[in-house]
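Below is one structure, written out as structure tokens; the observations come after it.
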Amino acid sequence: MPTLTPHAPAAERISEIVRRLRLAHPDACCALDHSNAYELLVATILSAQCTDERVNKVTPALFAAYPTPQAMAAAPREQIEEAVRSTGFYRNKARHIQEASHLLAVEYDGEVPAEMAALTRLPGVARKTANVVLGVAYHIAAGVVVDTHVKRLSQRLGLTTHNDPDKIEQDLMALLPRTDWIDMAHLLIFHGRRVCDARKPDCANCPLNDLCPAAAW
């Protein structure tokens with residue numbers, strides 16, 4: 001195998017990138033606390049424009065009060081708003097959570113569907129949220145989660161030239177075997193939090209620096 005360089009095609013570098021990320025972050029996983037698919041769905045909706053740490057502080061009391069879609073759908077909207085206020089955009093999030101819960105209760109007997117088309121019918125659920133639920137709760141590799149970390153690292157690593165999350169996802173799906181689709185998002189997210197910071201990436205201590213076209217030497 002020829003020596004890889006940062007400017008080698010992404011298809012040639014991707015397997016080594018994944019291998020090194022697995023070694024660097026063996027604990028990479030979904031950071032949202034949950035005990036079932038419904039809790040994960042709600043937590044993921046809340047995580048928009050918010051840290052996972054903040055969401056994890058909010059959800060224990062929320063799920064204790066409203067543990068099922070039926071309970072959430074029947075709750076006074078203002079109580080849900082108050083419970084999720086600290087996650088930001090709380091009115092929209094409360095509305096999406098309650099409307100999605102109502103649809104789950106009415107059409108799915110309170111169960112979270114395990115299909116992309118059904119999930120993206122739910123209010124507040126786009127591909128990213130659906131991919132989280134499918135990958136983490138059901139171990140179904142329907143796509144690659146593209147959040148801000150995945151977007152930033154994919155661009156820096158030269159895995160995509162796009163800004164649109166859907167196009168970035170398509171690029172990553174084309175590069176990776178399906179067996180890596182779920183893990184890749186977790187790996188990039190952990191690497192983004194621990195090493196490849198948005199403002200000050202730690203390139204000197206990055207295990208990918210000799211494969212990254214954006215590395216600062």
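Data table
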{"read-out": "Counted charge near Gln70, where neighbours are those whose Cβ lies closer than 13 Å (Asp, Glu -1; Lys, Arg +1)", "value": "-3"}
{"read-out": "Region 87-196: radius of gyration over Cα atoms, expressed as a fraction of 2.2 N^0.38 Å", "value": "1.15"}
{"read-out": "Rounded to 10°, Cα long-axis angle of helix 52-65 versus longest principal axis of the chain", "value": "20 degrees"}
{"read-out": "Per-residue [θ]222 nm for the chain (sum of -39500 (n - 2.57) over DSSP H runs n ≥ 4, rounded to 500)", "value": "-16000 deg cm²/dmol"}
{"read-out": "Distance between region 155-189 and region 1-73 - C-alpha centres, whole angstrom", "value": "14 Å"}
{"read-out": "Whole-percent pair-distance distribution, where bins are 5 Å wide, for the alpha carbons of region 37-137", "value": "2, 15, 27, 28, 19, 8, 0"}
{"read-out": "Translational diffusion coefficient (Stokes-Einstein; Kirkwood radius from C-alpha pairs) of region 163-208 at 20 °C, 1.002 mPa s, in µm²/s", "value": "181 µm²/s"}
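All of the numbers you see were taken from the coordinates with simple rules; none came from a lab. Given the structure is predicted, the values throughout are model-derived calculations rather than measurements. Don't worry about glycine lacking a Cβ; one is built from the backbone with ideal geometry, like all the others, and counts go over all protein chains shown.
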